[in-house]
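The block underneath contains the structure these notes are about, expressed in structure tokens.
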Amino acid sequence: MNIKFKTPFATAVAIGVGVIVLAGYFIPGLISLRFLFLRAGLVLAAVALIVGILNLFAVHFRKMAQNDDNSGYSLILVFALIATLLIGFFDMFQSYMFGQPNFQTISWLFTYIQLPIETSLMAVMAVSLTYAATRFLRRNLHTYAVIFFFIVLMVLIGTLSIFTPEVPFLSQIRQWIVQVPALGGARGLLLGIALGTIATGLRILIGTDRPYGG
Amino acid sequence: MTVTGFTGIVIIFLFLGSMFFFTLTRDQEKEKNLRQIPAFRRIKEVIGLTVEEGSQLHVSLGRGGFTSLQSASALAGLSILQEIIKASSVCDYPPVATTGNATISFLAQDIIQGTSKAISTEGHERSSVGELVGLTPFSYAVGTLTTIRENRVSANILAGWYGNEITWLTTAGERQNSPTIAGTAQLPAQAIMYASASEPLIGEEIFAAGAYLGKKPMHVSSVKTQDIFRWILVVLMILGIVLKYLGMHDIFQSILMGVS
Amino acid sequence: MSPINLSDFIGLSLGFLFTLLVFSYILGDNPLFRLASHIFIGVTAGYVAIITINNVLVPRLFLPLFTGTRGERLLSLMLFIPSLFLFMKITPLRKAGNWSVAILVGIGAASAIGGAITGTLFPQLLGTINSFETPTKSSTIFSILNGLMTVLGTMTTLIYFHFGTGHMPGQTARQRPLIKFLGKIGHFFIAVTLGVLFAGVYLSALSALVERLSFIWDYLNQMQIQILP
Amino acid sequence: MAEIQCPNCGKINPEGKDVCDSCGFPLPSQSPSINQETPSTSPDATDSPPDLPSDAQDLTPGEAQEDIPDGEDEGDEGWLDILHAAEEGEEPGDLQTPSEEDEEKKEDTDWLKRIRALDVEEEKGQETPEGETFPTWMSEVEGEEKVEKTPSEEKQELPDWLQSEEEETGEAEPILSEKDEGETAPPEPAQEEEGHFPSWLEEEEEPSPAGEGPIQPFELDEDDEVIDDLFDEELPSWLSSVDMEKEEAETGDDISPGELPGWVEAMRPVVESSDTSGLAEDEEYIENYGPLAGIPSVLPAEADIDQTSVEEGSKLSFELQVSKTQKEYASLLENVISREGKAKPKGEVKPVATQRVLRWLIAIVLIISVGASVITGGGTGNPSPAGHQKDDPGPAALYEMIDEMEARDTALIAFDYQPALAGELNATASGVVNHLLRQESYLAFISTQATGPSLAEHFITNTQSEFEYQHGRDYINLGYIPGQAAGVLSFSIAPREIVPIAFNGANAWDSPPLKEIQTLSDFDLFLIITDDPTTARMWIEQVNPYISRYKVAMIVSAQAEPLVRPYFQNSPQQISGLAAGLPGGWAYEELTGSPNLSSVFLFPLNVGIIVTILTVFIGGLANGILNLIKQRKNKEKRGVS
């Protein structure tokens, strides 16, 4: 097994920090050290987010110059980003300088632009999910696909709370499906995912996977 | 140190030991076959088609953060990206990667440049791109639509941490008639992928990408280690039930309950 | 419904407009939807940047330099170095920022392992064992069978994901009969679980549709009041 | 006395004459040696256009056709036989000698000998050898090899027709002179005596197009391999077939009567005004060579090599007279090869019509049915709950937890859901928080997501507007703690240090709601509102050791219910109250007796579910049956084939 490190320093940092934080989970004495690194991680993640936004800004700025059919939309995105940042800094300036309750304006933007768009995106998903369920048996026609299909229908029927009070067993079937077989399957899935997560994390900590350009 | 903490450390060292053992005693001829996973076979087919058609592959790495459990899905997505770049180095348009987390976008760009340099396609004027397209789940989903909508993109591979916003990505792929191979660790999102993606990766299959696509020794060993630990968990469950049946349930309770 | 102030009415009108722009995607991808989505991406990016600066960078990176204790001041100073190197990631000298990203990857990997062991492995294992009900006076045959079914579901689902097959190379990927049989049962439980989760996601989406349609109806009523009081 | 017929004008001349009395055209001589080399007696055969390279001459259709022996000429393996042999795939006699070089040497010597023979005749006094009449410039070329001539001398020796052409086009002169200078200045080491490529051909090969620097002359290999490769007799089959067709198209020229084979005669083109593209038409010129002899204004047999078509690199400089179809084949081939390198942009993808129609149908049915139920508002009072709401202990347990709270107790609420699910969770939580406000509790909001604080503000100002709770007096928005699990754990251990200031910048812990709160366990209720099972599990695992589980309750969305319910259902319970989705919220409002958003939304939700069940059931079964039929057809097809 030959491992060539292109950036040995970054690899050493990743392994060192990882081992200390992991030890902090199991050795009580190292908990404070773990917190120290986690708080450092919070700050670095926040700085990375700011750098990411600068990168997003630069990418769309370049797309504006290309004047293909998407460059108009990039202009709108850049304009919306700058406007929101200016409003946000104005709010922060007011709160720190004059002690006024801050984020009034930016909350207005959140309430009347971001919130309606996100809930509408979620609402349109209802149509997409109905369409996916309808075409599901067109793509897969094996036993388990049929089971999946009828379970979806059974759970939806069991959720009905109008027109079905006379047939209570429908909701009891739904309750049983959710609390017995579905719970067993969910636990099995979660345990399998936990094993995969441990394996992926350990490969980083022993340095065989080095996504940071190592 | 608590019993639970000690148990955790024992599990980690057992896992590491098993991974190294399988790697060092790896025997090429008696290499253990792995069961067929249609999604990974489809990824290989899609790469071949892309090379022939001269079209482009889109790899989306999700929006998982790096200070929690979600990072594992992001790391699995990054290893899939690496294998795809290696396999599609002769494409006219190298793969494009999108993500909803700043740190993942840096890592994607590092992987793209590192792998391109390794297979000397760095000078390729149309080099791959790792783009941050949005910062909240749904703005990330909507930002990715622009890439999926590109006529050049012939297939979408979604591997990372997702929520229910993944519905937008799978249905956009279907509208473009391009196959979508998707995998994540979040369960509700897996249910959506199972219903709407052309090839879903269920459960922990996403973490076996390195072993299936790249056949890397350490990845194959960690898949074997997962198999062993799977059976250890089954035995522990049976043992726990027998002890509970015999009334000695406290042993497991104390081992597994208290973790500070 | 009483008349509302102008800024709220403008806000509601904006919300109403964006709702219709997003719903237009049902008819097909169109420029109106793209317009709304790009405004959305810009506003959310700006919003998240402001909240992050206000809630993380100011109180944990800048303020400790002036008001913090010696230890906090030292930590903030030390954090400035990797933070500056992170800014290199969008410059040609991007390799210089690798070690800063490596810190995040190290923390991410450790959190994943620690979270998986303490947050999933132990609780789910204990939960599975607790699902089994020892036959006592209070427990019914029904609950015992339920417990056994849940445990069976967990075990067979785990076994379904068994990756390894026969040892000899060139052999087709045939699993051992026992694993194959248990895997089939596990696949049944997986299909049930994913069906339940899909129905849950669908209900959430349908609730959002109900809320949006009632918002549209409320807005039309409000506009009527606002225009012809 | 035998007579000689003039190949040019057809007049009969007495034997022994060298030049036709009427047109002065040199008459074919009768000497036996030349006949053998060039079986046909007509002068055209060898008198191919001077400008073409020797092998190219061989390829010129008109003459080649004439050279076709009438079956009796065995000895001279003319180039046409080679061509024929190559076509029929035989080994053309001695051509395919074991070693390539011998074969090339033999070809060299044939055309070289002919040139030398002409050269000798030329020097004697312009008497054209029978059948071998090369223009003076050819001999001049020979001459050049021996004596380095100055450009001006060369020019005087050029034949009139060439000079006149030069003056007309005005180009040849500078090109030639340029070439000569270029030619003479750098001695070409590669050009040896034997096998030297005549400089006129190099000029022809590499004319320098206007506006560019002179193109490097065509570099000859020592043993002329390049030439032979270029003019290898064994032409690729498609080209040789081109030759044959070309010949058929062109051979209809009028040769002196009686001499052309009948089938050539039949194929002669009808004389029209030839409008050859790219070449300047020379009205006065009458073709005096080849099968087109005597026809005015036809493409001159010794047409200049088309300056424009010569491209750099391996392209041949001679003009292949190919018909239109063959040009298309050639350009098609060229396109295919050039397209290999280019990336082909994928065309516009047309969505499948049936997919779009099905999607529209579902959208119309769903939106109309749910919209109508929103407008009618549920009609007759509240829909009675189905059995499972009564059996669901979650809302009831939560109701008891809040009912036991007293005035001024403080409840910490975590707003940890995506804005997209605000529609569902605001409605579900509205009844619960309404109950808290009616208990006059203090509230504190916290979140691990950046959008959480604004969601909390929007929730309290929109859904609970009747209570007019004020920030700082009745509730405190602690804002956003980053770092997910790590942030939650550190907040659980030391809340005051982790969140020193409130979301609006004011001091959080001096205000009435939080004055007595030092640690997490001082809160009387901890309510987590979330849409993600992972977030729910994170909160439960991190706060578990720091607050009693009897104070922890959850409001989750329908998608998280299957994975969160075990925390409430199992023993020991990790949370003491649970309301899941709109049905859970509605059940809670039923218990408090004051309907809120959940009650308003429940009827449209039920209508939507019914419509969806019918759509999915009918559509799903139809698609399943279609798939079954398709699979059966595929099986039959596989069974048949």
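Read-outs throughout are calculated quantities, based only on the coordinates presented, and are distinct from any laboratory measurement. Note that the structure is a prediction, hence the values are computed from the model and not measured. A quick note on method: Cβ atoms are made from the backbone with ideal geometry, for glycine too, and the neighbour counts reach across all protein chains shown.
Please order B:Tyr245, B:Tyr93 by the number of other Cβ within 10 Å, starting at the fewest.
Values: B:Tyr245 13, B:Tyr93 22.
Taking fewest neighbouring Cβ atoms as first place, the list is B:Tyr245, B:Tyr93.
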Any number yet on Rg/Rh for chain C, C-alpha, Kirkwood?
1.12
Taking other Cβ within 10 Å of each residue's Cβ, how do C:Val56, B:Val96 sort, fewest first?
B:Val96, C:Val56
Which of the peptides C:63-70, D:487-494, A:47-54 is most tightly packed, and how do the rest follow, going by the mean number of other Cβ atoms within 10 Å of each residue?
A:47-54, D:487-494, C:63-70
What pairs in B:Lys86/B:Lys224; A:Lys63/B:Lys44; B:Lys224/C:Lys95; B:Lys86/C:Lys180; B:Lys44/C:Lys95 have C-alpha atoms more than 26 Å from each other?
A:Lys63/B:Lys44; B:Lys224/C:Lys95; B:Lys86/C:Lys180; B:Lys44/C:Lys95
Which one of B:Val142, B:Val235, B:Val133 has the biggest mean-square fluctuation once chain B is modelled by GNM with Cα springs under 10 Å?
B:Val235
FRET efficiency, 1/(1 + (r/R0)^6) with R0 41 Å, evaluated for C:Ile185 and D:Val365 via beta carbons
0.60
Let me check I've understood the local charge: for B:Gly163, count other residues with C-beta under 13 angstrom from its C-beta, Lys and Arg +1, Asp and Glu -1. What total comes out?
-4
Whole-percent pair-distance distribution, where bins are 5 Å wide, for the alpha carbons of segment B:217-260
6, 20, 17, 17, 15, 12, 9, 4, 1
With R₀ set to 56 angstrom, the calculated FRET efficiency between the beta-carbons of B:Leu16 and D:Gln355, to the nearest 0.05, is 0.70
Averaged over D:496-504, how many beta carbons belonging to a partner chain fall within 10 Å of each residue's beta carbon?
4
Expected sort for D:573-586, A:11-24 on mean C-beta neighbours within 10 Å, highest first, is D:573-586, A:11-24
Taking just the C-alpha trace of chain B, give me its Rg and Dmax in Å.
20.5, 70
May I ask you to work out the translational diffusion coefficient for segment C:1-67 at 10 °C, viscosity 1.306 mPa s, via Stokes-Einstein with Rh from the Kirkwood sum over Cα pairs, reported in whole µm²/s?
106 µm²/s
Around C:Ile129, with a cut-off of 15 angstrom between Cβ atoms, what is the net charge of the other residues, counting Lys and Arg +1 and Asp and Glu -1?
0
Cα centroid of segment C:26-43 to Cα centroid of segment D:501-565, whole Å
35 Å
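Fewest to most neighbouring Cβ within 10 Å: what's the order for B:Thr4, B:Thr171?
Arranged by neighbour count, lowest to highest, B:Thr4, B:Thr171 become B:Thr4, B:Thr171.
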Evaluate 2.2 N^0.38 Å with N set to the residue count of chain A, then give the Cα radius of gyration divided by it.
1.53
Summarise the partner chain shielding of B:219-229 as one whole number: the mean count of Cβ atoms from other chains within 10 Å of each residue's Cβ.
5
Per-residue mean of C-beta atoms belonging to partner chains within 10 Å, peptide C:66-79:
1
Rel. contact order, % - alpha carbon contacts under 8 angstrom, at least six apart, chain B
23 percent
Along each of the three principal axes of the Cα atoms of segment D:387-595, give the extent in whole Å, ordering the values from largest to smallest.
48, 36, 32
